[in-house]
Structures are given as C-alpha cells and as structure tokens.
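Rule-based calculations on the coordinates, nothing more; no lab input. Worth saying up front: this structure is predicted, and the values here are computed from it rather than measured. Because the Cβ atoms are built from the backbone with ideal geometry, glycine has one as well, and the counts that use them run over all protein chains shown.
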Amino acid sequence: MVRMQNSIETTATVEADRHLLLDTDIPAPVSKRVRVIVMLDEDIDEGQWLSSVSQNDVFTFLDDESEDIYSPEDGSPIEDEV
C-alpha cells in the first residue's frame, strides 16, 4: 500500500484551552486526527526548556539503569583541528 501524505502550512493561535485557531481556512474539510508541529516564534528561556524536557514522559527510559552504558572514562577528548 502506498500512502500519500498531504501537508498544509499555515499559522495559528494556541488558545488557553490548548485549542488551535487557524489563521486561514484549509482547502478541504478535515474531521480526523492530524499531525501538528508547533514552532514558537519567540525564544524559550533555557531554564523553561530544561524544565519542560525533564517533565516529558518520552525521556523516562533514561531512568532505567540499563541505559547507563558509558562512564566518564570512556572515549577520548575532542581536539580541535586547527
């Protein structure tokens, strides 16, 4: 089976209740799940970013001791080639 993937780029406002309000109409009626990538125009403070990442469930696998496969003694320092 070959799946064709259509995409539409537009801007939107994220409302307080986490709904997206699109700035323009889309060319076809859509009443199904879609994939959304949110790109913020403003810079995010590093502290905010670290806090957000540390609370994201996608990184919980890093708590597993089996993921600790490297130590400070592994590898060698990177030296600049000047």
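Hey, any hits in segment 47-56 for a residue that's part of a helix (DSSP H, G or I), out of contact with any Gly (no Cβ under 8 Å at 6 or more places or on another chain) and loosely packed, with under 10 Cβ neighbours inside 10 Å? Yes, segment 47-56 has at least one match.
Give segment 57-82 a look and list any residue that's surrounded by 10 or more Cβ atoms within 10 Å (Cβ to Cβ) and either part of a loop (DSSP other than H, G, I, E, B) or touching a strand residue (DSSP E or B) at 6+ places or on another chain (Cβ under 9 Å) (or both), or say none. Within segment 57-82, none qualify.
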